[in-house]
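Peer 1: Below you'll find the structure I mean.
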Amino acid sequence: MAEQNTKSNETWSARRLPDLAGRTVVVTGANSGIGLTATDALARAGAHVVLAVRDPERGRASAATVHGSTEVRRLDLADLSSVREFAEAWREPLHALINNAGVMMLPRQHTKDGFEMQFGTNHLGHFALTNLLLPHITDRVVTVSSDAHRWGGATIGFDDLDLTADYTPRRAYAQSKLANLLFTLELQRRLAESGSTVRALAAHPGYSATNLQSHAASPAARAFMRLGNRFLAQDDRAGALPTLYAATQDLPGASYVGPDGLGEMRGAPTLVGRSRAASDPLTARRLWRVSEELTGTWFPLAVGEPA
């Protein structure tokens, strides 16, 4: 699926996607926002795109707006039984998995399995899905994170992952987005160690105007985001470009793609940095082991554990 980018990143757009005919891509949370925009761009380039969505009826309505080959399958990332059901039904080769779905700054809620909703959906659901689908994946896994992984010096609260002692919607979201990057880091290590040619990459959309912000717990936060969406944000087409770039360009494993503009809020896709916490291999390995225990899923390829 890779294409060598010979021009400046500043001019890169969805029009420069390679020919994806014969490729199959799964996009989670594909019925709105950057997930739907990415789905349309991939389908236009020739890929068969599976919209993995919680509500198949909404998914089919969204798929009807896509120009190209699509399919809708039910997937609720907040329910590990649904994740397993989705993966167990998969039979064909899968060229790319795009872990796009997410929830943002919700009031305290829990998944069906009892995990804090943002950590459970944004990280654990995708962690389980990736491990279960990995035997079928032939090219790459792209996980959508956020610059929110830096908020307040975000860390992984291993002693209290559900943040029962000190929950705030903002802290929980930042933890889940940090987990996305640590997951990508450790997944790439394991893939390389096992000799797999599959690559793990991450992307973030910058400040993009989508419906994700409308679910924030605080009315003040929702009002602030409405103003930001109107005056600062880029649209969902621009917000999807880092995901599309990570999904199709010839990039090193563990690369992180985001906008090249001021504060990484908007602009053309390029490789971007991440916080020190998101670059710590020891934390990444610890999170992986904890995530295995919580989800009951494991890396399916042979790999050694470093000292």
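Peer 1: Quick one: would you say Gly120 is in contact with a Ser or Thr (Cβ under 9 Å, 6 or more places away or on another chain) and at pLDDT below 95?
Peer 2: No: the conditions fail for Gly120.
Peer 1: Could you check region 135-154 and list, in sequence order, the residues that are open to solvent by 10 Å² or more (accessible area, probe 1.4 Å) and assigned to a helix (DSSP H, G or I)?
Peer 2: Within region 135-154, Pro135, His136, Asp147, Arg150, Trp151, Gly152, Gly153 meet the criteria.
Peer 1: Let me ask something else about it. Are there any pairs, at least 6 apart or on different chains, whose C-beta atoms fall under 6 Å, with the first in region 197-208 and over 15 Å from His126 (Cα atoms) and the second acidic (Asp, Glu) and open to solvent by 10 Å² or more (accessible area, probe 1.4 Å), and if so, which?
Peer 2: Pairs found: His204/Asp147; Gly206/Glu264; Ser208/Asp236.
Peer 1: For residues that are in contact (Cβ under 8 Å) with a residue 12 or more places away in the chain, more than 15 Å from His149 (Cα to Cα), open to solvent by 10 Å² or more (accessible area, probe 1.4 Å) and not acidic (Asp, Glu), tally how many sit in region 256-274.
Peer 2: Here the count works out to 6.
Peer 1: I need a count of the residues in region 145-203 that are closer than 18 Å to Val290 by Cα, under 17 Å from the mean Cα position of the chain (by Cα) and of a type in the set (D, E, K, R).
Peer 2: Going through region 145-203 one residue at a time, the tally reaches 2.
Peer 1: Within region 283-304, is there a residue that is open to solvent by 30 Å² or more (accessible area, probe 1.4 Å), aliphatic (A, V, I, L, M) and within 19 Å of the chain's Cα centre (by Cα)?
Peer 2: no
Peer 1: Return the only residue of Ala246, Ala277, Ala238 being under 26 Å from Thr39 (Cα atoms), touching a residue at least 60 places away in the same chain (Cβ under 8 Å) and either over 15 Å from the mean Cα position of the chain (by Cα) or open to solvent by less than 20 Å² (accessible area, probe 1.4 Å) (or both).
Peer 2: Ala246
Peer 1: Please go through region 63-87 and pick out each residue that is open to solvent by 60 Å² or more (accessible area, probe 1.4 Å) and in a helix (DSSP H, G or I).
Peer 2: Those that are open to solvent by 60 Å² or more (accessible area, probe 1.4 Å) and in a helix (DSSP H, G or I): Ser81, Arg84, Glu85.
Peer 1: For region 271-304, what are the residues that are under 15 Å from Leu182 (Cβ atoms) and touching a Ser or Thr at 6+ places or on another chain (Cβ under 7 Å)?
Peer 2: Hit for region 271-304 is Ala277, nothing else.
Peer 1: Of the residues in region 155-173, how many are within 21 Å of Asp280 (Cα to Cα) and either open to solvent by less than 10 Å² (accessible area, probe 1.4 Å) or part of a strand (DSSP E or B) (or both)?
Peer 2: Total satisfying the criteria: 1.
Peer 1: When the residues of region 232-276 are filtered to those that are assigned to a strand (DSSP E or B) and in contact with a helix residue (DSSP H, G or I) (Cβ under 8 Å, 6 or more places away or on another chain), which remaining residue is farthest from Asn100 (Cα to Cα)?
Peer 2: The residue in question is Thr270.
Peer 1: Something else about it: Considering each residue of region 195-208, count those that are farther than 25 Å from Ala238 by Cα and touching a Gly at 6+ places or on another chain (Cβ under 9 Å), and give that number.
Peer 2: So the count comes out to 1.
Peer 1: Related question: Please go through region 9-62 and give me each residue that is aliphatic (A, V, I, L, M), free of Cβ contacts under 8 Å to residues at least 40 places away in the same chain, farther than 16 Å from Val144 by Cβ and open to solvent by less than 10 Å² (accessible area, probe 1.4 Å), ordered by number.
Peer 2: Ala43, Val50
The values are calculated or read from the model by the stated rules, or taken from the named source; none is laboratory data. Fair warning: this is a prediction, and the values are worked out from it, not measured in the lab. Every residue, glycine among them, receives a Cβ derived from its backbone with ideal geometry; neighbour counts consider all protein chains shown. Areas reflect the complete protein model, heavy atoms only, side chains present, ligands, DNA and RNA absent. Shrake-Rupley method; radii C 1.70, N 1.55, O 1.52, S 1.80 Å.
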